[in-house]
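Inspection log for the structure reproduced underneath, given as structure tokens.
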Amino acid sequence: MYAFAAVVPQRNWCTGEEHIKYWIGDRHCEYQENKIMNILVINCGSSSLKYQLINTDNEEVLAKGLCERIGIDGGMHTYQSKGGDKVKTNVDIPDHTKAVSLVIEALTDSKDGVIGSLSEIDAVGHRIVHGGEKFSKSVVINDEVIAAIKEVSDLAPLHNPANLTGIASCKALMPDVPMVAVFDTAFHQTMPEKAYLYGIPYEYYRKYKVRRYGFHGTSHEYVANRTAEFLGRDIKDMKIIVCHLGNGASVSAVKGGRCVDTSMGLTPLEGLIMGTRSGDIDPAIIGFVAGKENLSIGQMLEVLNKRSGVLGLSDGVSSDFRDLAEAAGSGNAQAAKALETYAYHVAKYIGSYAAAMNGVDAITFTAGVGENNISAREEICGYLTYLGTQIDPDRNNVRGEETVISKDGSKVTVLVIPTDEEMSIARQTAALCR
Ligand code: ADP
């Protein structure tokens with residue numbers, strides 16, 4: 001379906017460089033075998049565009065930035081080159097094409113830029129939120145891929161159209177640069193039916209593909225693989241539970257390198273209690289509260305997505321775990337309650353995934369809270385001593401470092417592995433474009 005054919009390398013006899021020629025769809029492309037690959041990673045939201053330019057040969061982030069308030073007043077571009085200061089520019093950004101042009105201008109700027117010209121961007125990797133059942137791995141973007149992403153847009157109506165706008169803008173400004181789509185849902189496509197089906201009439205799956213998809217896949221895949229690499233073990237022989245605990249949060253069960261279950265569902269609303277999302281609730285609550293408060297389904301979903309989670313539980317103290325810890329430390333009982341409930345729910349998911357895999361070798365914490373929140377890790381692991389999990393308080397006293405935090409004799413190895421979704425997207429893009 002996705003034509004991608006390489007032909008025999010051809011040597012340029014003047015320079016001695018080898019070129020590989022290949023086609024994306026009907027477009028002819030070429031790259032040099034030993035040339036450095038600079039990958040532009042784009043994460044496009046409806047009014048924002050985050051980016052990084054990554055040299056995938058030495059894995060250096062050459063520059064990164066953010067275009068905000070696209071299409072609304074008060075546009076702003078923040079840019080930072082490697083080793084340079086953050087440069088913030090107030091600039092009107094009417095659409096995503098303007099945002100991409102600002103990115104290119106910044107990267108090629110004679111003062112703060114990191115490349116001489118556009119030709120030094122070898123490929124673009126796009127983060128795409130929903131790939132539905134169509135995509136179980138990253139793909140080179142062509143017209144068929146664009147159409148397929150559009151087709152599943154009703155599963156992620158806020159995200160996929162924005163991602164497609166990012167693709168269209170890059171295509172308009174860099175028509176000859178190959179692009180790759182990396183899906184948040186792809187890693188979870190290996191889940192068995194029993195894990196992804198809901199206990200509702202099967203016709204909703206048949207007709208509308210209502211099922212568990214899972215998100216944060218790029219992070220779960222990266223962290224699971226790093227866990228095995230870090231321990232010097234073959235991932236094929238391992239049962240790993242990855243806890244991606246950020247503002248959005250999800251847990252996944254990874255057996256033999258393949259995802260067998262994950263906590264987010266049709267949308268990112270299901271699963272753990274998050275910063276502002278409720279996670280699992282009795283679905284009957286929606287009708288009950290909507291009736292009492294005179295709210296529509298849309299308004300209820302807004303409550304569950306934006307006003308719930310630890311923000312709602314703490315009675316509005318904060319969705320940020322640092323604020324909550326501080327408030328709880330100064331005696332705010334509601335903040336303490338939110339943190340306690342949060343940790344309990346994470347532990348319950350870990351327990352259920354140990355059951356799903358009939359065992360667990362490693363539990364890995366990642367993302368903002370997982371990497372940095374020492375007391376949350378300690379509290380969560382406190383529920384898991386029945387699995388033979390023993391946390392070492394000194395080892396656990398770390399932030400944002402790849403390390404083992406369990407005791408040497410612990411039956412389950414517990415780790416912290418910082419996630420790096422952009423690097424993972426860059427690697428996958430380079431691998432598909434080489
Ligand atoms: P997302 O990418 O989903 O927006 P992050 O992975 O950045 O979220 O995680 C954000 C959360 O991580 C916030 O609640 C924040 O409080 C928490 N966090 C970040 N740094 C620290 C830290 N040093 N100590 C404790 N919590 C932290």
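Tabulated results
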{"quantity": "Helices (runs of 4 or more DSSP H) fully within the range 105-199 counting 2 or more residues that are in contact (Cβ under 8 Å) with a residue 24 or more places away in the chain", "calculated": "143-151, 160-173"}
{"quantity": "Residues being over 24 Å from the mean Cα position of the chain (by Cα) and surrounded by fewer than 13 Cβ atoms within 10 Å (Cβ to Cβ) - total across the range 69-82", "calculated": "3"}
{"quantity": "Leading residue by the ranking (modelled with the lowest pLDDT) among those in the range 403-434 that are under 27 Å from the mean Cα position of the chain (by Cα) and either aromatic (Phe, Trp, Tyr) or surrounded by fewer than 16 Cβ atoms within 10 Å (Cβ to Cβ) (or both)", "calculated": "Arg434"}
{"quantity": "Filter result (hydrophobic (A, V, I, L, M, F, W, C), part of a helix (DSSP H, G or I) and away from the ligand (no atom under 15 Å from the Cβ)) within the range 336-372", "calculated": "Ala336, Ala347, Ile350, Ala354, Ala355, Ala356"}
{"quantity": "Matching residues in the range 391-430 - criterion: being assigned to a loop (DSSP other than H, G, I, E, B), in contact (Cβ under 8 Å) with a residue 60 or more places away in the chain and within 23 Å of Ala354 (Cα to Cα)", "calculated": "Glu402, Ile417, Thr419"}
{"quantity": "Hey, Arg258 under 30 Å from Asp234 (Cβ atoms) and among the basic types (Lys, Arg) or not", "calculated": "yes"}
{"quantity": "Filter result for Asp85 (surrounded by fewer than 21 Cβ atoms within 10 Å (Cβ to Cβ), more than 17 Å from Ala162 (Cβ to Cβ), modelled with pLDDT under 95 and touching a Ser or Thr at 6+ places or on another chain (Cβ under 7 Å))", "calculated": "no"}
{"quantity": "Hey, Asn397 surrounded by fewer than 19 Cβ atoms within 10 Å (Cβ to Cβ) and within 16 Å of the ligand (Cβ to nearest atom) or not", "calculated": "yes"}
{"quantity": "The one condition in (1) modelled with pLDDT of 95 or more; (2) surrounded by fewer than 18 Cβ atoms within 10 Å (Cβ to Cβ) that Leu107 fails to fulfil", "calculated": "(2)"}
{"quantity": "Tyr213 open to solvent by less than 10 Å² (accessible area, probe 1.4 Å) and farther than 30 Å from Ser375 by Cα", "calculated": "yes"}
{"quantity": "Strands (runs of 3 or more DSSP E) completely within the range 44-83 that count 2 or more residues being within 13 Å of Glu422 (Cα to Cα)", "calculated": "49-55, 60-68"}
{"quantity": "Failed criterion for Arg377 (all others in (1) part of a loop (DSSP other than H, G, I, E, B); (2) open to solvent by less than 40 Å² (accessible area, probe 1.4 Å); (3) of a type in the set (Lys, Arg) hold)", "calculated": "(1)"}
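The values are calculated or read from the model by the stated rules, or taken from the named source; none is laboratory data. On a predicted model such as this, the values are computed, not experimentally measured, just so you know. In this analysis, Cβ positions are derived from the backbone assuming ideal geometry, glycine residues included, and neighbour counts consider all displayed protein chains. These area figures cover heavy atoms from the full protein model, side chains too; ligands, DNA and RNA do not enter into them. Shrake-Rupley method; radii C 1.70, N 1.55, O 1.52, S 1.80 Å.
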